[in-house]
Amino acid sequence: MKPRILIVDDDELVCDLYGDYFEQNGFEISSALNVEAALNFIRKETPDIILSDVVMPYRDGFSLYEEVKMFYPDIPIVFMTGYENDPDIVNRLKKYGKKWFTKPIKLDEMLEIVRSELSAQTQA
C-alpha cells in the first residue's frame with residue numbers, strides 16, 4: 001500500500017506541483033486548500049503524513065498542527081513556509097521542534113524528509 005500524504009496549502013498550484021512529484025515517487029496524494037478542509041479529510045481518511053503551509057487565510061498551519069496532535073498524535077506534520085524571515089513564524093516553528101521547508105522548496109530534499117519522517121513513524 002502506498003503511503004498517503006495530505007498536502008495543505010491555500011495555493012492550488014503548490015498542491016498540484018508537490019502532489020505530482022510525490023505521486024511520481026510512489027505516494028498516494030490528497031490535498032486541502034485550507035485547515036477546515038484538511039480536518040474534514042482527516043476525520044474520514046487518516047493520512048500517513050501531512051505537509052502543511054504555515055500562513056493561510058482564516059486558520060494557519062499551527063492551528064492545524066495543534067488540532068491534529070490533540071486527536072491524531074501519531075500523524076507526523078512537516079511545515080512549509082515562504083516566511084523564513086519572520087521571527088514570529090520561525091520561533092513558532094522552533095517551538096514545535098518540527099522540520100520545515102522554505103519556499104521555494106527543493107523537491108528532492110522534501111522527499112528525503114518525508115521518507116525519514118515516515119520511517120521514524122513506523123519504527124516508533
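Read-outs throughout are calculated quantities, based only on the coordinates presented, and are distinct from any laboratory measurement. Quick caveat: nothing in here was measured; it's all calculated off a predicted structure. We place every Cβ from the backbone using ideal geometry, glycine too, and count neighbours over all the protein chains shown.
Looking at the square roots a ≥ b ≥ c of the eigenvalues of the Cα gyration tensor of the stretch 27-124, which shape do they give, rounded for a/c under 1.5, prolate if a/b is larger than b/c, or oblate? Rounded, since a/c falls under 1.5. A straight chain from GLU36 to TYR21 at 0.36 nm per residue would run longer than the Cα-Cα distance by 3.0 nm. Projecting the Cα atoms of MET70, LEU33, LEU111 onto the charge dipole of the stretch 4-119 (Cβ charges, centred on the Cα centre) puts MET70 farthest toward the positive pole.
Here's the list of lysines a cross-link from LYS99 could span, going by alpha-carbon distance under 20 Å and ignoring same-chain residues fewer than 8 apart: LYS69. The dipole here belongs to the chain: it is taken about the Cα centre, uses +1 on the Cβ of Lys and Arg and -1 on the Cβ of Asp and Glu, and is about 500 debye. The antiparallel fraction among DSSP beta bridges confined to the stretch 4-119 stands at about 0%.
Taking 7 Å steps out from each Cα toward its Cβ at LYS103 and LYS2 produces label points 2.4 nm apart. If R0 is 22 Å, the Cβ-Cβ spacing of GLU84 and LYS44 corresponds to a FRET efficiency of close to 0.10. Contact order for the stretch 40-124, expressed relative to its length and based on alpha carbon pairs under 8 Å spaced 6+ residues apart, stands at 28 percent.
Rounded to the nearest 500, the 222 nm mean residue ellipticity of the chain from helices alone is -15500 deg cm²/dmol, with -39,500 (n - 2.57) taken per DSSP H run of at least 4 residues. Which one of LEU93, MET80, LEU6 is farthest out on the positive end of the charge dipole of the stretch 4-119, using unit charges on Cβ (Lys, Arg +1; Asp, Glu -1) and the Cα centre as origin? Most positive-ward Cα: LEU93.
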